[in-house]
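Below is one structure; the comments refer to it alone.
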Amino acid sequence: MKNRRAFTLIELMLVVMIIATLAALVVPKFTGRAEQAKVTAARTDISANIPTALDLYELDNGFFPTTEQGLAALRVAPATSPVPSKWNGPYLKRKPIDPWGYPYRYECPGIHNINGYDLYSYGKDGAEGGKDDITNWEEE
């Protein structure tokens, strides 16, 4: 027999098993990262990005948008009462949509923040309640 330079089936199977073992160790560490990044993005929107826009709106007009006007008032001047006389927006560049594709929830005056507003996302499931809700108030 000639001197062949090729891998045997056993050698190939051994390489495949080594790669599968490495993948089994590495993949679980990265699978939760995408969801964790979405939660962090939503928390940042609720604790900093949207509140900054709301504060600018309030600074210009002397009041926050009403619940009926909603967060849309940060992108387009509201036509419903109270109509802001000094609207200087848009205060947000994009629609206030959470990382899961649902609109952020806004209530003013707030139920939890009586002297301000409630800002929240229902999280991944899009339904009220549960541990995945992200809010601008402390849960009791």
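Any read-out appearing in this document is the output of simple, stated calculations on the displayed coordinates, not a laboratory observation. Predicted model, so just to flag it, every value in this text is computed and none were measured. Cβ: placed from backbone, ideal geometry, glycine included. Neighbour counts: every protein chain shown.
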Principal-axis tilt of helix 9-31 within the chain, Cα atoms, nearest 10 degrees: 20
GNM top mover of V39, V83, V27 - the chain, alpha-carbon springs below 10 Å: V27
Label zone at A37 (point 7 Å along Cα-to-Cβ), backbone N below 14 Å, the range 78-118: 99-100
Highest-fluctuation residue, T44, T21, T66 considered, GNM on the chain with Cα pairs under 10 Å: T21
Rounded to whole Å, sorted largest first: equivalent-ellipsoid semi-axes of the range 35-135, Cα gyration tensor: 24, 14, 11
Theoretical gain in end-to-end length, L9 to L22 [0.36 nm per residue, Cα-Cα removed]: 2.7 nm
GNM top mover of E11, E58, E68 - the chain, alpha-carbon springs below 10 Å: E11
Positive-end extreme of charge dipole, the range 35-135 - chosen from A79, P90, Y102 (charges on Cβ): P90
Rounded FRET efficiency, nearest 0.05, which uses the C-beta distance separating T44 from A72 and R0 of 22 Å: 0.60
Virtual spin-label span in nm between I97 and F63, 7 Å along Cα→Cβ: 3.1
Paired Rg and Dmax values of the range 11-55, which use every Cα atom, in angstrom: 19.7, 65
